[in-house]
Protein chains: 2
Amino acid sequence: MKQPGTLTAWVNDRFTPLGEARVHIEDRGFQFADGIYEVIACFGGTFIDLDEHLARLWRSCEAIALEPAVSREKLRDLIRETYRRNPFPDAMLYVQITRGVAPRSHHIPENIRPTLVITARQLSQVPEEKIRRGATAITLADIRWKRCDIKSIALLASVLGKQEADRMHADEAFWLDEDGHLLEGCSTNCFAVIDESLVTHPLDHRVLGGITRDLAIRLARRYGLPVHERPWRLDEQGLSELFMTSTTNAAMPVCRVDGHVIGNGRPGRISMQIRTLLLQHFDELRAGKRS
Amino acid sequence: MKQPGTLTAWVNDRFTPLGEARVHIEDRGFQFADGIYEVIACFGGTFIDLDEHLARLWRSCEAIALEPAVSREKLRDLIRETYRRNPFPDAMLYVQITRGVAPRSHHIPENIRPTLVITARQLSQVPEEKIRRGATAITLADIRWKRCDIKSIALLASVLGKQEADRMHADEAFWLDEDGHLLEGCSTNCFAVIDESLVTHPLDHRVLGGITRDLAIRLARRYGLPVHERPWRLDEQGLSELFMTSTTNAAMPVCRVDGHVIGNGRPGRISMQIRTLLLQHFDELRAGKRS
């Protein structure tokens, strides 16, 4: 397997060793968080929902009026080529587009050329032990901006959330709105199982439309599980399970929140079923059974 | 006067030509907006409120639990040396500290070394014409995060605000809270003159504690003008003037908001008095009359 020293990144118009991959200090991504990104999983050479990630990337660009410097087809080719040069069995492709380089000013100059960065890194498997025991989380009052539907690099609030989770020896921090509704995690969407149905916050400006969130909903419904997209609280009657979804972790059961046990304290049956459905789906993609 | 091609920037541990000044693509400033900054004016070699800017920089660092890699004294020396190498008569010093470089993960690794960037650029004089006619602004519902008291580089919301102001041919966008109170601009604090008193939003998590805001308040009080730090609205009875403050523009009268004329549509007497007090204060600093 390739080691980090030999990793290759795409920066603007060429591949370069990751260790030497740099952007200008006046890149607006560095000075203003003026950019967007995607993280895409690739298992055994099979990209998971690449087209969906690209579609969301274009929606994010549109939301901040950033015209990508490449076509969607060209970007797809570059992502594939980045993987070919960093062929981890389980890989995580990272794509970032920023507004570009200009003398620092909030105002966006005309004719600025966007910066494009693509990297590939090994995607670590979640330890089986972690899945058997379930993850832990804390809750925090949502301090993020009101356009969390845009997958932007303005992630400092989420970094602070994870920092607080780390401090509390938890795996994730969930954001609560002013009425105590659980919105999502710092890098995950969150589902509850309430009366044998899946419940997750509806898509609005406070929640990212997660690709794995969407896939989990579709697979659950195909499997016959009702799914309700509505605001929900942790103290609802009938809440028996929690899990969180992300590109890098599929579905991960959550067994403790703020020190309180969820359900019986073990990964829930339905949560694990969703995890199994997701992993089966990835296996089928890998085996070429689905496109 | 030096031209941009010859500008010099400090990056981490050395001076380098600005054109070649780069950071790694996995700098957390570039991928997570995990950093903070300051902009400091320097007129004729005299820094304006350098100690206040450094104190705020340290408060910002503390707020995100980032330990700067340099002492305050060392940073002061580096800022002065950056100016010495880019000696514009009117200069704008930019200091940015980010968490540092690490493989991308929301979690902050231990022993990460912060990135320090310092640049100096020419500070453009505000055209006299602009001051005579006054600036224009729009208002927008505040979509920013709830820690605007931290001077962080997670500035995308403010970039989008300025983008909207540009689209409306205005100079600034002011953020309104859910009750229509005017908080501040994308890169300015904002004052109203109401019944011959200055009024500006009190310092809380939705407002940056501007160095020029603070100075304007102190100079106004010394001059005998009452100053009230309280929430206020544009439609308040007795509101006759508006102005905005920033390090780069001192105090700038605002004569139109959302197309509506403020007062008599010309820069207000008290606004211009505050501007004069600020410029006199800078002149006195330059002449060595005050420290």
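The values are calculated or read from the model by the stated rules, or taken from the named source; none is laboratory data. A quick note: this is a predicted structure, and the numbers were derived from the prediction, not measured. Cβ placement follows ideal geometry from the backbone for every residue including glycine, while neighbour counts extend to all protein chains displayed.
Among the residues of segment B:37-49, write down those that are part of a strand (DSSP E or B) and under 17 Å from B:Leu78 (Cα atoms). Across segment B:37-49, the qualifying residues are B:Tyr37, B:Glu38, B:Val39, B:Ile40, B:Ala41, B:Cys42, B:Thr46, B:Phe47. Does A:Leu116 satisfy the condition of being over 30 Å from B:Ala165 (Cα atoms) and in the same structural domain as A:Gln31 (by TED's automatic domain parsing)? No; evaluated as a whole, the condition is false for this residue.
Of the candidates A:Glu184, A:Glu284, A:Glu236, the single residue that is of a type in the set (D, E, K, R) and touching a helix residue (DSSP H, G or I) at 6+ places or on another chain (Cβ under 9 Å) is A:Glu184. Applying the condition of being touching a residue at least 24 places away in the same chain (Cβ under 8 Å), facing chain B (nearest Cβ under 9 Å) and of a type outside the set (Gly, Ala, Ser) to segment A:144-155 and asking which residue is surrounded by the fewest Cβ atoms within 10 Å (Cβ to Cβ) yields A:Lys146. Suppose the filter is at pLDDT 95 or above, on the phi < 0 side of the Ramachandran plot and surrounded by 13 or more Cβ atoms within 10 Å (Cβ to Cβ); does A:Arg221 pass it? No: the conditions fail for A:Arg221. In the condition set (1) modelled with pLDDT of 95 or more; (2) not assigned by TED's automatic domain parsing to the domain that holds B:Thr245, B:Pro109 is compliant with all but (1).
Residue under question is B:Arg56, and the condition is that it be away from every other protein chain (no Cβ under 12 Å) and either touching a residue at least 60 places away in the same chain (Cβ under 8 Å) or within 15 Å of A:Gln31 (Cα to Cα) (or both); does it hold? Judged against the criteria, B:Arg56 is a match. When B:Met244 is tested against (1) of a type outside the set (Phe, Trp, Tyr); (2) out of contact with any Asp or Glu (no Cβ under 7 Å at 6 or more places or on another chain); (3) crowded, with 21+ Cβ neighbours inside 10 Å, only condition (2) is not met. From the list B:Ala165, B:Ala170, B:Ala216, the lone residue that is crowded, with 20+ Cβ neighbours inside 10 Å, more than 14 Å from chain A (Cβ to nearest Cβ), among the small types (Gly, Ala, Ser) and at negative phi is B:Ala216. For B:Glu81, the stated conditions hold: it is acidic (Asp, Glu), in contact with a strand residue (DSSP E or B) (Cβ under 9 Å, 6 or more places away or on another chain) and either away from every other protein chain (no Cβ under 13 Å) or more than 30 Å from B:Arg286 (Cβ to Cβ) (or both). Filtered by the rule that a residue be farther than 23 Å from B:Ala91 by Cβ and touching a residue at least 60 places away in the same chain (Cβ under 8 Å), segment B:243-261 gives B:Pro253, B:Val254, B:Cys255, B:Arg256, B:Val257, B:Asp258.
Within segment B:17-66, being surrounded by 16 or more Cβ atoms within 10 Å (Cβ to Cβ), out of contact with any helix residue (DSSP H, G or I) (no Cβ under 9 Å at 6 or more places or on another chain) and more than 24 Å from B:Thr247 (Cβ to Cβ) holds for one residue alone: B:Arg22.
State all residues of segment B:8-29 that are among the acidic types (Asp, Glu), free of Cβ contacts under 8 Å to residues at least 60 places away in the same chain and either within 7 Å of chain A (Cβ to nearest Cβ) or assigned to a strand (DSSP E or B) (or both); if no residue qualifies, say none. Answer for segment B:8-29, where residues must be among the acidic types (Asp, Glu), free of Cβ contacts under 8 Å to residues at least 60 places away in the same chain and either within 7 Å of chain A (Cβ to nearest Cβ) or assigned to a strand (DSSP E or B) (or both): there is none. Consider segment A:173-207 and keep the residues that are free of Cβ contacts under 8 Å to residues at least 40 places away in the same chain and within 12 Å of chain B (Cβ to nearest Cβ). The one that is farthest from B:Ala63 (Cα to Cα) is A:Glu178. Which of the residues belonging to segment A:75-111 are closer than 30 Å to B:Leu18 by Cα, of a type in the set (A, V, I, L, M, F, W, C) and without any contact (Cβ under 8 Å) to a residue 60 or more places away in the chain? A:Leu75, A:Val95 - these are the residues of segment A:75-111 that are closer than 30 Å to B:Leu18 by Cα, of a type in the set (A, V, I, L, M, F, W, C) and without any contact (Cβ under 8 Å) to a residue 60 or more places away in the chain. Here segment B:85-143 is the region considered, the condition is being on the phi > 0 side of the Ramachandran plot and crowded, with 20+ Cβ neighbours inside 10 Å, and the residue that is farthest from the other protein chains (Cβ to nearest Cβ) is B:Gly134. Residues in segment A:258-291 that are within 20 Å of the chain's Cα centre (by Cα) and β-branched (Val, Ile, Thr) were compared, and the one that is farthest from A:Gly44 (Cα to Cα) is A:Ile274.
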